[in-house]
Amino acid sequence: MVGILRWRRRDGTTLTPRMSTQRVFSGIQPSGDPHLGNLLGAIQNYVRYQHGHDAVYCIVDLHALTTPKDPDELRANTLRMTNLLMAAGLDPERCILFAQSHVPEHAQLGWLMETTVSFGELSRMTQFKDKADRSEFISASLFTYPALQAADILLYDTNFVPVGDDQRQHLELSRDAAQRFNSRFGETFVVPEHVIPEIAARVMDLQRPNDKMSKTAAAENGLIYVLEDLKSIEKKFKRAVTDSDDEVRLDWENKPGVSNLLEILSAVTGTDPHELAGNYTQYGALKVDTAEAVVELVRPIQERFAELNADPAETMRILRTGAEKASAIASVVYDRARDAIGLLGPE
Ligand code: TYM
């Protein structure tokens with residue numbers, strides 16, 4: 001379960017801080033507008049966890065740089081992602097919302113994490129292999145990406161990390177890194193747990209339901225953007241690939257297209273996907289209802305986004321305030337790691 005943090009004082013005695021509220025941390029890349037998989041698999045959980053938890057959410061602009069980005073687009077996308085997260089329900093009064101590059105300890109601890117994880121571990125990361133296969137220029141940072149991700153999480157004494165299923169391997173590496181560091185240098189980091197939702201942890205491409213929905217999808221029709229035109233969303237659901245036997249049931253192995261629609265509808269309505277399957281005798285109605293549910297989910301998000309996006313100065317103010325709050329936590333944890341590993345502090 002969740003690691004218990006003990007601080008070691010310089011005289012060798014230990015102190016266990018009281019942590020009454022569980023800390024939740026997650027990150028999302030500002031690499032274009034988010035899709036339905038990001039919303040159902042991750043963002044909706046960010047919104048849930050800001051209640052009753054000490055929640056910290058980071059727009060990971062440094063991670064976005066691991067593949068080539070246009071500077072103006074990156075700046076614009078960082079603001080858009082901030083606004084989108086708020087439009088989806090994140091309240092900067094309830095959670096800390098900030099940009100990764102505004103808190104330099106991420107890059108600093110990232111380096112310490114690079115010294116903690118091995119070349120072999122990084123070589124086994126399936127996301128690296130997938131992205132490297134598709135890239136002409138494979139940056140060194142694409143390879144060391146999970147070390148920075150471990151730093152993101154460990155900097156906040158994080159207990160839980162809500163993510164989609166594709167982040168499982170990175171999260172396991174973060175746990176291993178924390179444990180290895182702790183066993184070499186004394187208890188320094190909380191060992192984090194991931195929280196992967198039961199439903200919609202892996203929203204699939206509507207045209208290729210064996211592949212996860214992703215911005216690098218082969219066909220535009222397979223991908224639904226949260227900010228997409230509502231008519232276009234309806235059309236894409238109508239054209240979603242199913243199969244030829246017209247039996248509605250949750251069966252990922254034999255009916256991935258139908259199962260994907262059922263899980264999407266389930267994630268939006270909160271009804272069990274098996275129960276939903278019982279309501280349908282043909283695919284057409286399932287597609288129409290799923291499209292309608294998604295449209296009703298994103299409509300208010302789109303409206304709110306348009307309002308927020310009209311005031312970039314306010315978005316910047318929110319990010320600055322978020323970074324101040326994040327720094328107050330991150331600087332303490334970074335100093336602890338720096339002292340433990342043997343770097344001289346500047347004080
Ligand atoms: P990113 O930006 O690719 O995705 C953000 C979140 O969306 C989830 N997700 C999905 N969930 C369900 N179905 C899908 N098809 C789907 N596609 C994406 C992802 O699992 C993720 O939770 N490496 C991370 C960013 C990161 C991070 C962190 C996450 C950096 N540091 C620290 C957690 C903690 C990433 O690229 O996510």
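Of all the residues that make up segment 58-106, how many are under 18 Å from the mean Cα position of the chain (by Cα), aliphatic (A, V, I, L, M) and in a helix (DSSP H, G or I)?
Result for segment 58-106: 9.
For the subset of segment 158-172 comprising residues that are in a helix (DSSP H, G or I) and within 11 Å of the ligand (Cβ to nearest atom), which member is farthest from the chain's Cα centre (by Cα)?
Checked segment 158-172; the qualifying residue farthest from the chain's Cα centre (by Cα) is Gln169.
So if I check each of Lys231, Lys215, which one is under 27 Å from Ser135 (Cβ atoms), surrounded by fewer than 18 Cβ atoms within 10 Å (Cβ to Cβ) and either among the basic types (Lys, Arg) or touching an Asp or Glu at 6+ places or on another chain (Cβ under 7 Å) (or both)?
Just one listed residue meets the conditions, Lys215.
Restricting to segment 202-232, what's the tally of residues that are of a type in the set (Ser, Thr, Tyr) and part of a strand (DSSP E or B)?
Total satisfying the criteria: 1.
Run down Gln149, Gln127 and say which single residue is under 17 Å from the mean Cα position of the chain (by Cα) and within 21 Å of Pro104 (Cβ to Cβ). Before you say what the answer is, go through the steps one by one.
Details: Gln127 fails: within 21 Å of Pro104 (Cβ to Cβ).
Gln149 is the lone residue from the list that is under 17 Å from the mean Cα position of the chain (by Cα) and within 21 Å of Pro104 (Cβ to Cβ).
Test of understanding: among Arg180, Arg202, which residue is among the basic types (Lys, Arg) and more than 8 Å from the ligand (Cβ to nearest atom)?
Just a single option satisfies the conditions, and that option is Arg180.
For segment 210-221, name all the residues that are within 11 Å of the ligand (Cβ to nearest atom) and in contact with a Leu (Cβ under 9 Å, 6 or more places away or on another chain).
Across segment 210-221, the qualifying residues are Met213, Ser214, Lys215, Ala217.
Please identify the pairs in which a residue from segment 38-52 that is more than 13 Å from the ligand (Cβ to nearest atom) has its Cβ atom under 8 Å from the Cβ atom of a residue that is of a type in the set (Val, Ile, Thr) and modelled with pLDDT under 95, counting only partners at least 6 apart or on another chain.
Close Cβ pairs satisfying both conditions: Gly52/Thr21.
With the checklist (1) within 29 Å of Gln22 (Cβ to Cβ); (2) within 13 Å of the ligand (Cβ to nearest atom) in hand, flag the one item Lys131 doesn't pass.
(1)
Every residue, every condition in (1) among the hydroxyl-bearing types (Ser, Thr, Tyr); (2) within 11 Å of the ligand (Cβ to nearest atom); (3) surrounded by fewer than 16 Cβ atoms within 10 Å (Cβ to Cβ), yes or no:
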residue: Val24; (1), (2), (3): no, yes, no
residue: Thr82; (1), (2), (3): yes, no, no
residue: Gly110; (1), (2), (3): no, yes, no
residue: Ser118; (1), (2), (3): yes, no, yes
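Can we say Pro300 is within 30 Å of Glu198 (Cβ to Cβ), surrounded by fewer than 19 Cβ atoms within 10 Å (Cβ to Cβ) and not aliphatic (A, V, I, L, M)?
The answer is yes for Pro300.
Pairs, please: C-beta under 6 Å, at least 6 apart or cross-chain, first residue over 16 Å from Tyr145 (Cα atoms) and touching a residue at least 24 places away in the same chain (Cβ under 8 Å) and in segment 159-182, second among the acidic types (Asp, Glu) and part of a strand (DSSP E or B)?
Taking only residues 6 or more apart or on different chains, the pairs are Phe160/Glu193.
State all residues of segment 131-157 that are assigned to a loop (DSSP other than H, G, I, E, B) and either crowded, with 19+ Cβ neighbours inside 10 Å or touching a residue at least 40 places away in the same chain (Cβ under 8 Å) (or both); if no residue qualifies, say none. Break it down stepwise before answering.
If we filter segment 131-157 for residues that are assigned to a loop (DSSP other than H, G, I, E, B), which is where we start, we get 135-139, 155-157.
Once the filter is applied, which keeps residues that are assigned to a loop (DSSP other than H, G, I, E, B) and either crowded, with 19+ Cβ neighbours inside 10 Å or touching a residue at least 40 places away in the same chain (Cβ under 8 Å) (or both), segment 131-157 yields Ser135, Phe137, Ser139, Leu155, Tyr156, Asp157.
Report, by residue number, each residue of segment 242-294 that is surrounded by 14 or more Cβ atoms within 10 Å (Cβ to Cβ), of a type in the set (Val, Ile, Thr), free of Cβ contacts under 8 Å to residues at least 60 places away in the same chain and part of a helix (DSSP H, G or I).
Val258, Thr269, Thr290
Kindly indicate which of Gly3, Gly52, Gly12 is under 20 Å from Ala150 (Cβ atoms) and modelled with pLDDT under 95.
Exactly one of Gly3, Gly52, Gly12 is under 20 Å from Ala150 (Cβ atoms) and modelled with pLDDT under 95, namely Gly3.
Hey, among the residues in segment 31-57 that are in a strand (DSSP E or B) and surrounded by 24 or more Cβ atoms within 10 Å (Cβ to Cβ), which one's nearest to the chain's Cα centre (by Cα)?
Taking the candidates together, the pick is Tyr57.
Regarding segment 288-295, can at least one residue be identified that is modelled with pLDDT of 95 or more and under 24 Å from Thr78 (Cα atoms)?
Taking every residue of segment 288-295 in turn, none turns out to be modelled with pLDDT of 95 or more and under 24 Å from Thr78 (Cα atoms).
The values are calculated or read from the model by the stated rules, or taken from the named source; none is laboratory data. Everything quoted here is computed from the prediction, not taken from an experiment. Positions of Cβ are backbone-derived with ideal geometry, glycine not excepted, and every protein chain shown enters the neighbour counts.
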